[in-house]
Amino acid sequence: DDYEVRLHEALVARDRYLETSAPQMYKALQESNVDRAEQIMRRQVDLRRAVRDVNDEYRKSMVAAMNEVDEASAASFDRLALERSYQRATRPTRAARSIDAALGMELPTETLEAVQALAAEYAAVDDGFTRRLINEMRKTEPDQQVEQINRMVAMIDGDFRGAFDRGAGGDDPMREIREQRDTISDQFVDRLRAMLTPEQAEYIGVKVEGPY
């Protein structure tokens, strides 16, 4: 009940401001009023973040309550909730898709058990990367959304170089984490292939990567 009330309040506040601020944002952009446009966007971001924070707060509360009864179900619920909320951070990697494809094959018992163990190991490793990506998204997305407005104003003013420079960014912590994640993913794919026959490995490659 508390969750429903809190979420409703956050959604109403967000949607009301998004609706009423849209013409103000349009006017600020037309007038190249960067300060006003940024002020509106920051308020929009704050209200969006409030919705996100309510969901995150009660997700953690639900997981804690479920943990007292069934830890496996709690972990499954937590993962599903994060996948729905942070899709950019939770997209399946090449290793996850390859392992799922292997588990869908008819394998000898010994091979199946080895793949299942590899799946459990990889799930634990990838969960760490996923949560790091989510933490970075929570920290950096608000400022990135504000920066989009500044790039838009620059383009309206005809400053395409300035818009490009703003978009170039600089150090991207999420890119660094993704690259590390991809490296680990490739290592697990190699380990998976070593467990399979050449025919099985080729089948998985086609299923995951598409026809060569």
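Quick check for me: using +1 on Lys/Arg Cβ and -1 on Asp/Glu Cβ, what's the dipole size of the stretch 79-129 about its Cα centre, in debye to the nearest 20?
On the way: 6 positive and 8 negative charges, 94 e Å.
In total the dipole reaches around 440 debye.
Once every DSSP H run of n ≥ 4 in the chain is given -39500 (n - 2.57) and the sum is divided by its residues, what mean residue ellipticity at 222 nm do you get, rounded to the nearest 500 deg cm²/dmol?
Values: 9 runs with 184 residues, N = 212.
Helices in the chain give a 222 nm mean residue ellipticity of -30000 deg cm²/dmol.
Taking just the alpha-carbon atoms of the stretch 1-79, what radius of gyration and Dmax come out, in angstrom?
Gyration radius and largest Cα-Cα distance of the stretch 1-79: 17.9, 58 Å.
Give me the log10 of I(q) over I(0) for the chain at q = 0.08, 0.16 Å⁻¹, as the Debye formula computes it from C-alpha points; what are the numbers?
-0.45, -1.11
Could you state the angle between the C-alpha long axis of helix 2-30 and the longest principal axis of the C-alpha atoms of the chain, as a value from 0 to 90 degrees rounded to the nearest 10?
Long axis of 2-30 versus the principal axis of the chain: about 50 degrees.
I'd like the Karplus ³J(HN,Hα) series for the stretch 50-55: coefficients 6.51, -1.76, 1.60, θ = phi - 60°, whole numbers in Hz, and an x wherever there's a Gly or Pro.
These are the phi-based 3J(HN,Hα) values: 4, 5, 4, 5, 4, 4 Hz.
Specify the angular offset, from 0 to 90 degrees and rounded to the nearest 10, of the alpha carbon long axis of helix 94-103 from the longest principal axis of the alpha carbons in the chain.
40
Taking θ as phi - 60°, what are the ³J(HN,Hα) couplings along the stretch 73-80 by the Karplus curve (6.51, -1.76, 1.60), each to the nearest whole Hz, with x for Gly and Pro?
5, 4, 5, 5, 5, 4, 5, 4
Angle, helix 173-195 long axis vs. longest principal axis of the chain, Cα atoms, 0 to 90°, nearest 10?
10
Can you compute the equivalent ellipsoid semi-axes for the stretch 43-88, i.e. the square root of 5 times each eigenvalue of the Cα gyration tensor, sorted largest first and rounded to whole Å? The partial results should precede the final answer.
Values: eigenvalues 119, 29, 3 Å².
The equivalent ellipsoid of the stretch 43-88 has semi-axes of 24, 12, 4 Å.
Rank SER98, SER61 by accessible area, highest first, at a 1.4 Å probe radius? All intermediate terms of the calculation are to be shown ahead of the outcome.
Working: SER98 5, SER61 65 Å².
Per-residue accessible area, sorted high to low, gives SER61, SER98.
Which GluC sites (Glu not before Pro) from the stretch 31-74 combine a DSSP loop assignment with at most 14 other Cβ atoms within 10 Å? Don't skip to the answer; put the middle values down first.
Values: sites: GLU31, GLU38, GLU57, GLU68, GLU71; in loops: GLU31, GLU68.
Within the stretch 31-74, the qualifying GluC sites (Glu not before Pro) (loop, at most 14 other Cβ atoms within 10 Å) are GLU31, GLU68.
Once you keep just the Cα pairs under 8 angstrom separated by 6 or more residues, what percentage relative contact order results for the chain?
On the way: 138 pairs, mean separation 53.1, N = 212.
Value for the chain: 25 percent.
Which one, MET66, VAL54, GLN24, is farthest towards the positive end of the dipole of the stretch 1-95 when Lys and Arg carry +1 and Asp and Glu -1 on their Cβ?
About the Cα centre, the residue reaching furthest to the positive side is GLN24.
Solvent-accessible area of THR197, probe 1.4 Å, all protein chains present, reported in Å² to the nearest ten, please.
60
Per-residue HN-Hα couplings for the stretch 134-147, Karplus 6.51 cos²θ - 1.76 cosθ + 1.60 at θ = phi - 60°, whole Hz, x for Gly and Pro?
For the stretch 134-147, the Karplus curve yields 4, 4, 5, 4, 4, 7, 9, 4, x, 5, 5, 5, 5, 5 Hz.
Given 10 °C and 1.306 mPa s, how large is the Stokes-Einstein diffusion coefficient of the stretch 80-136 in µm²/s, with Rh as the Kirkwood radius over Cα pairs?
D = 129 µm²/s.
Pull out the extension gain between ARG42 and MET62, defined as 0.36 nm times the separation in residues minus the alpha carbon to alpha carbon distance; nm, one decimal. It would help to have the intermediate numbers written out before the result.
Numbers: separation 20, 0.36 × 20 = 7.20 nm, distance 2.99 nm.
My answer for the length gained is 4.2 nm.
The values are calculated or read from the model by the stated rules, or taken from the named source; none is laboratory data. Owing to the predicted nature of the structure, the values given are computational and were not obtained by experimental measurement. Cβ sites come from the backbone with ideal geometry, for glycine too, and all protein chains shown count toward neighbours. Each accessible area value is taken on the protein alone, full model and side chains, heavy atoms only, with ligands, DNA and RNA left out. Shrake-Rupley method; radii C 1.70, N 1.55, O 1.52, S 1.80 Å.
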